[in-house]
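Nothing in this text is a laboratory measurement; each read-out follows from the coordinates by a stated rule. Treat the numbers as computed from the prediction; the structure is a model and nothing was measured. Please note: Cβ atoms are built from the backbone with ideal geometry, for glycine as well, and neighbour counts cover all protein chains shown.
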Amino acid sequence: MKKILLLLLICVGFGNYAVSKDVAELLEIVKDEGGLGKRMVMVAESLAGSGRDEYYTTDSIASLRLNVEAFTPMTFVNTVAAIALNGGDANGNALKVQDDFVRLSSRMGEDKGFPSIMWHTSDWIADNIYRGNLKELTEIYIEPRSKNKSLDYLSRHREEYAALKDPEVYDKVRMTEMGFRTRRIPYLQRHDIKKKAIDEEIKDGDVIILVPNQDGVDMYEMGIAKREKDGIHLILFSNKQGKVEVTPEPLDRYMNSIAKYISGFRWVRFVL
């Protein structure tokens with residue numbers, strides 16, 4: 001099943017997007033399968049092994065596009081959610097998946113080019129909570145910690161994004177990130193994952209964001225929770241490995257293995 005997306009990408013043009021015919025295969029896999037969380041896990045597992053999408057760093061326009069063969073951490077989660085949502089809809093199809101991908105990925109759900117794409121998870125969480133797509137659970141069960149960060153990675157690393165060579169695009173991104181100065185980032189500590197109040201409440205399909213120590217960003221990795229016999233694992237696009245994979249060890253041990261890079265984790269759930 002996880003190999004179905006290693007086919008050559010065959011696309012149908014639609015507006016500014018390319019919709020892969022393989023989306024239909026994914027929709028068929030999760031058709032009539034349980035709730036949204038279960039479908040998200042099934043879709044995420046089907047994408048294991050898929051590689052890195054360089055499009056958003058190398059393309060001079062880099063508007064949103066639906067691509068089920070290559071990902072960034074954020075596009076992986078939004079793609080999984082868009083497909084899983086439509087897998088439970090008798091009228092779900094590739095174009096509806098595309099529409100939902102854009103809705104989840106763009107600020108206020110409107111694709112206005114590269115500046116409207118949400119790369120900071122704090123921006124993504126707040127915007128999607130406001131529009132009724134997400135629920136944050138980080139602060140519900142136990143008292144979290146928090147830190148203030150200035151989220152300005154894109155404007156401080158203009159050379160890494162071809163679209164930012166355009167002065168107008170760069171100015172829009174810079175002005176957006178100026179609004180993210182001293183952004184409050186709530187998070188749970190690594191050891192909180194073992195507390196009963198948390199461990200028993202994390203469901204298949206929940207999104208876990210590992211909060212980095214690095215300045216300028218608020219996401220080290222993010223992935224889809226999957227409960228296995230030995231605990232909760234994450235299905236994620238790994239920047240380090242350059243592909244979609246399942247963490248080889250339960251989340252508590254995985255976070256301990258990268259403890260020098262992260263402060264803790266955030267926890268959200270799609271409520272589409």
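Between residue 134 and residues 5 or more places away or on another chain, which pairs have amide H atoms under 5 Å apart, with H built 1.01 Å from N, and which residues are they?
129, 271
Out of residues 5 or more away from residue 262 or on other chains, whose amide H comes under 5 Å of its own, with H placed 1.01 Å from N in the peptide plane?
It is 213, by chain and number.
Give me the one-decimal nm value for the distance between modelled label points at residue 271 and residue 33, 7 Å along each residue's Cα-to-Cβ direction.
In this crude spin-label approximation the distance works out to 2.6 nm.
Once you list every other residue whose beta carbon is under 12 Å from the beta carbon of residue 155, what net charge do they have if Lys and Arg are +1 and Asp and Glu are -1?
Neighbour charge sum, excluding residue 155 itself: 0.
Among 72, 79, 121, 58, rank each residue by its count of other Cβ atoms within 10 Å, from fewest to most, as a rough exposure measure.
58, 72, 121, 79
Take the alpha carbon gyration tensor of segment 46-137, find the square roots of its eigenvalues, order them as a ≥ b ≥ c, and report rounded if a/c is under 1.5; if not, report prolate when a/b exceeds b/c, else oblate.
It comes out rounded by the Cα gyration axes.
Note the listed values [x] 18.3, 56; [y] 22.4, 71; [z] 17.7, 52, then indicate which one is Rg and Dmax of the Cα atoms in Å calculated from this particular structure.
Only one option fits the structure, namely [z].
Under 5 Å between amide H atoms, partner at least 5 residues away or on a different chain: which partners does residue 218 have, H built in plane at 1.01 Å?
Result for residue 218 returns 121.
List, in order, the whole-Hz ³J(HN,Hα) value for each residue of segment 30-44 obtained from phi through the Karplus relation with A = 6.51, B = -1.76, C = 1.60 and θ = phi - 60°; use x for Gly and Pro.
9, 4, 6, 9, x, x, 4, x, 5, 5, 4, 5, 4, 5, 4
In whole angstrom, how long is each semi-axis of the equivalent ellipsoid of segment 134-270, when you take the square root of 5 times every eigenvalue of its Cα gyration tensor and sort them from largest down?
Working: eigenvalues 173, 60, 33 Å².
Semi-axis lengths for segment 134-270 are 29, 17, 13 Å.
When the chain is fully extended, how far beyond the present Cα-Cα distance does residue 199 get from residue 229, taking 0.36 nm per residue of separation?
9.5 nm
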